[in-house]
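**Q** I'd like to ask you about the structure that follows.
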Amino acid sequence: MEQEQRPGRRALLGAAVVGAGAVALGPAATARAEGAGRGGGAGRLPNPLIVAHRGASGYRPEHTFGSYQLALDMGADVIEQDLVPTKDGHLVCRHENDITQTTDVADHAEFADRKATKTVDGVELNGWFTEDFTLAELRTLRAKERIPKERQRNTLYDGRWEVPLFADVLRWADKEGRRRGRPVWLHIETKHPTYFRELGLELEKPLAKLLRKHGRHRKDAPNFLQSFEPSSIQRLKKLVDAPGVVLLDALDSQPWDFVEAGDPRTVKDLVTPKGLKWIAGFAQGIGPVVDLVIPKKEDGSLGEPTTLVRDAHREGLVLHPYTMRNENTFLPTEFRRGDDPNAYGDAFGAFRAYFKTGIDGIFTDNCDTGLLAAEEFRS
């Protein structure tokens, strides 16, 4: 069935096959890499592609230059950044604005009074938040491993890197692109955009300004722009031409901008043919949680694939699901090996199962594993 779907889907996307499984994606789907950005040279994205989730976060603390550089050196096709603002409006790379678990802020006595309780997208949190720090203050902090119990080896690198300024990431990508003779592709997410807009810290305009400065605003730019809030992608579409991706969580969840606007639709509505058609009106792709592609049974093993891949491709949308990890605790039960939840399981088998559905790429904390799995699948 997979082999029968691919030619039709590639024709729909306008994809041109170049070499062993590599594709230059056409305008109906996403940006063509050729000549994009300041990295110089032609770049092509393979199918399926591998997105380094927060960098090589399976081996280094996430969203650090150590994580980004390792992912690039490993050969990741695209590297992800999550953006949150500082008090003075700078965009920095953190998965959340709550930096309690990802920095050493708790060890800084001078910031003890910054600890606060806030409600972010309906969830009450107690800790330290980027919007309460200037960039200069944030630069005094050091990054650390977010889940040290699961990734004890990553703690070796605690304190080695600061929180990255997104402008510095763009300069790094430009430099690495020139050095390698090909663009460095990025997957850039706006985090909690409605929440920050209400604080007077809009994400979209500063992001668009930076993208324009670095020549990454065009439809053939070597980056994707993503958000769990569709309205953020709609706002970005008015500012830049770079391809947008709508992220999708569990079926019963609601994008927070829908909650704020009183829109009753849930993700379950958005993954219907009607919902996907609506998304295709302003975005070029979707980033569904992997369970929307293959639901899990009650025992945690994989069930039968849904029609999401077929339905999304019919609307010209690419799919970059999230997130694959090597550790047993994150894998479907049939791919776990041994009794240690933090030991590696059969990640290759899990990658293979997801690739067989026809997805166009996948986010993973372990991009080296993903790259080997993708190469094996394409061959």
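**Q** Give me the pairs, please: first residue somewhere in the range 130-158 and closer than 25 Å to Pro85 by Cβ and open to solvent by 50 Å² or more (accessible area, probe 1.4 Å), second residue anywhere and of a type in the set (Phe, Trp, Tyr) and in a loop (DSSP other than H, G, I, E, B), beta-carbon distance under 8 Å, and either six or more positions apart or on two chains.
**A** Every condition considered, the pairs that remain are Arg142/Trp161.
**Q** Checking Asp365 against (1) in contact with a Lys or Arg (Cβ under 7 Å, 6 or more places away or on another chain); (2) of a type in the set (Asp, Glu); (3) within 26 Å of Ala283 (Cβ to Cβ); (4) open to solvent by 10 Å² or more (accessible area, probe 1.4 Å), which test does it fail?
**A** (4)
**Q** Helices (runs of 4 or more DSSP H) wholly in the range 182-242 with at least 2 residues that are under 20 Å from Pro288 (Cβ atoms) - which ones?
**A** 230-239
**Q** Please go through the range 213-225 and pick out each residue that is closer than 22 Å to Leu135 by Cα and either within 18 Å of the chain's Cα centre (by Cα) or open to solvent by 30 Å² or more (accessible area, probe 1.4 Å) (or both).
**A** Lys213, the sole residue that qualifies.
**Q** Continuing with this model, one more query. Residues in the range 178-197: is at least one touching a residue at least 60 places away in the same chain (Cβ under 8 Å), in contact with a Lys or Arg (Cβ under 9 Å, 6 or more places away or on another chain), open to solvent by 10 Å² or more (accessible area, probe 1.4 Å) and over 30 Å from Thr100 (Cα atoms)?
**A** yes
**Q** Could you please find all residues in the range 198-207 being touching a residue at least 60 places away in the same chain (Cβ under 8 Å) and within 20 Å of the chain's Cα centre (by Cα)?
**A** The answer is Leu203, Pro206, Leu207.
**Q** Hey, does the range 226-233 have a residue that's more than 19 Å from the chain's Cα centre (by Cα) and either modelled with pLDDT of 95 or more or under 27 Å from Leu72 (Cβ atoms) (or both)?
**A** No: the range 226-233 contains no residue that is more than 19 Å from the chain's Cα centre (by Cα) and either modelled with pLDDT of 95 or more or under 27 Å from Leu72 (Cβ atoms) (or both).
The values are calculated or read from the model by the stated rules, or taken from the named source; none is laboratory data. The structure presented is a predicted model; accordingly, all values stated were derived computationally and were not measured. FYI the Cβ positions are ideal-geometry reconstructions off the backbone, even for glycines, and counts take in every protein chain you see. All accessible areas refer to the heavy atoms of the entire protein, side chains included, with ligands and DNA or RNA removed. Shrake-Rupley method; radii C 1.70, N 1.55, O 1.52, S 1.80 Å.
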